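Visitor: Here it is, the structure, as structure tokens.
The values are calculated or read from the model by the stated rules, or taken from the named source; none is laboratory data. Keep in mind the model is a prediction, meaning the values are calculated, not measured. Calculation scope for accessible area: heavy atoms of the full protein, side chains included, ligands and nucleic acids excluded. Shrake-Rupley method; radii C 1.70, N 1.55, O 1.52, S 1.80 Å.
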Amino acid sequence: MNRELIAPNVYLTQLPNEKFKRNRLSINLIVPNERKKATMYAILPGLLERAYEDYPTMKALSRKLERMYSAQLSVGTSIIGANRCLRFTIQSIKNEYCINCEDLLSASCDLLLGVLFRPCLENGEFINEWLEVEKFKLREEIEGEINDKRGYCIKNTRRKFFGESMNGVERFGYIEEIDDVTSKDLYECYKWMLNNAVVEIYITANNPEGVKEKLINAFSYERFADSKVLPITAMPCTNIQSFSHKMDTTQSKVCLMYTTKRLLTEDERYHMLVASALYGGTASSRLFKNVREKQSLCYYCAAGFNGFTSSMSIDSGVEHHNTLRTIEAIQKELYDMINGDITEQEIKETKLIIQNSLKSNYDGLHGLEAWYLNEAVRGSSFTPEEVIDKVDNVTADDIRKVLSLLNLNVVYTITK
């Protein structure tokens, strides 16, 4: 892995690609996830993915991609901590597999840069007809979240947990703001991103020198480049806040969210990786074995730690009459891990699961790129192998200590 600065706030990372028959190129624009721009950020991907100046219709762009041996183009948005990432990606077969020895990697780069820098415009702003389509799709996405009761419970718990902090800004924006988004305002927002974002570029290909030159030239213009990647934060601890949402459901949903109260140290980060997996992140975890299997209190019970927000969430699906018992059982398992025995066998099993998961980053073109993007946002550059070594050194005492940092802030239930 080789990461270098090629322009102000623009970083290029080259990743080796001996294993796969396809190349991947992605350009990631990273900015603080401002509340006032969240809805516009959510609309942009669908609008930009439709077409660009050289291929100004969805049909024309689709045919171009087909002629490039069915290359795959995508534009998406994600949230990493308090940061918003707008990602432009193209995947295509390696040049050596092209019938006529075309330089497909270079052509893919040209197309991706076209999508990034030359979107289709109408009178100096985004095409309003296209915008209305994307507004409709986004509205349906937000309105449809209630249909997934598990996801809906987790999202509402996060809303209560993060409140008005930037970590709580919605990925899909806010439905009440959709109608107010104009083509002009959206284009101004996009231009601001291009001129200010931290840019992380990833090339997963062999011999990418020609593409590297194209990317350097593309970002050689004068940019303000004054955005910063926001650091990891931790929510302060509070008294337990309990919320209940009445719905006509066949089973209740429960979600608990904890904060570590402070940022974890680098070592504690890996201690928590093992601790959260042992607590509720695997099929051999304490929550699965004791709450689900032994006590038969729930259909599922899983825990996950988010290192970018220093928070742990546990969610479960239960029979309505078992809601309170399940919440108590979840808390008891955490107490028992902090104060009781943790066997070497369960630690060993958990480490093996984590280490296999870390190795799986090499199983696809997306995995390793996502790994190093997260590392870049975090401000570190560890390889999966280095983390595997760190995981291997975690002890039972490390697990107890890091779990003792957790404070329960929010309990949220959906029930009849």
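Visitor: Can you tell me how the stretch 228-344 classifies by the Cα gyration tensor, rounded, prolate or oblate, using a/c under 1.5 as the rounded cut?
Guide: oblate
Visitor: Using only the heavy atoms of the protein chains and a 1.4 Å probe, how would ARG400, ARG262, ARG50 rank by accessible area, largest first?
Guide: In descending accessible area the options line up as ARG262, ARG400, ARG50.
Visitor: For the chain, what does the helix formula give at 222 nm: sum of -39500 (n - 2.57) over DSSP H segments with n ≥ 4, over the residue count, nearest 500 deg cm²/dmol?
Guide: So the helix-based figure for the chain works out to -12500 deg cm²/dmol.
Visitor: Would you list which lysines come within 23 Å of LYS21, measuring only between C-alpha atoms, while excluding same-chain residues fewer than 8 positions from it?
Guide: Filter leaves LYS64, LYS94, LYS212, LYS214, LYS359.
Visitor: Please check: in the Gaussian network model of the chain (C-alpha springs, under 10 Å), which one of ASP389, ASP54, ASP248 has the largest mean-square fluctuation.
Guide: ASP248
Visitor: Could you tell me which of rounded, prolate or oblate describes the stretch 321-399, using a ≥ b ≥ c as the square roots of the eigenvalues of the alpha-carbon gyration tensor, with rounded for a/c under 1.5 and, failing that, prolate when a/b is larger than b/c and oblate otherwise?
Guide: prolate
Visitor: Just want to confirm a number: the relative contact order over the chain, from Cα pairs under 8 angstrom separated by 6+ residues, in percent.
Guide: The value is 21 percent.
Visitor: Then there is this: Of all accessible surface on the chain at a 1.4 Å probe, what whole percent is carbon and sulfur?
Guide: The nonpolar share, carbon plus sulfur, comes to 49 percent.
Visitor: By accessible area of protein heavy atoms, probe 1.4 Å, what ranking do CYS237, CYS189 get, highest first?
Guide: Final ranking, largest accessible area leading: CYS237, CYS189.
Visitor: Determine the distance separating the Cα centre of the stretch 1-63 from the Cα centre of the stretch 306-341; give it in Å without decimals.
Guide: Computed from Cα coordinates, the inter-centre distance equals 38 Å.
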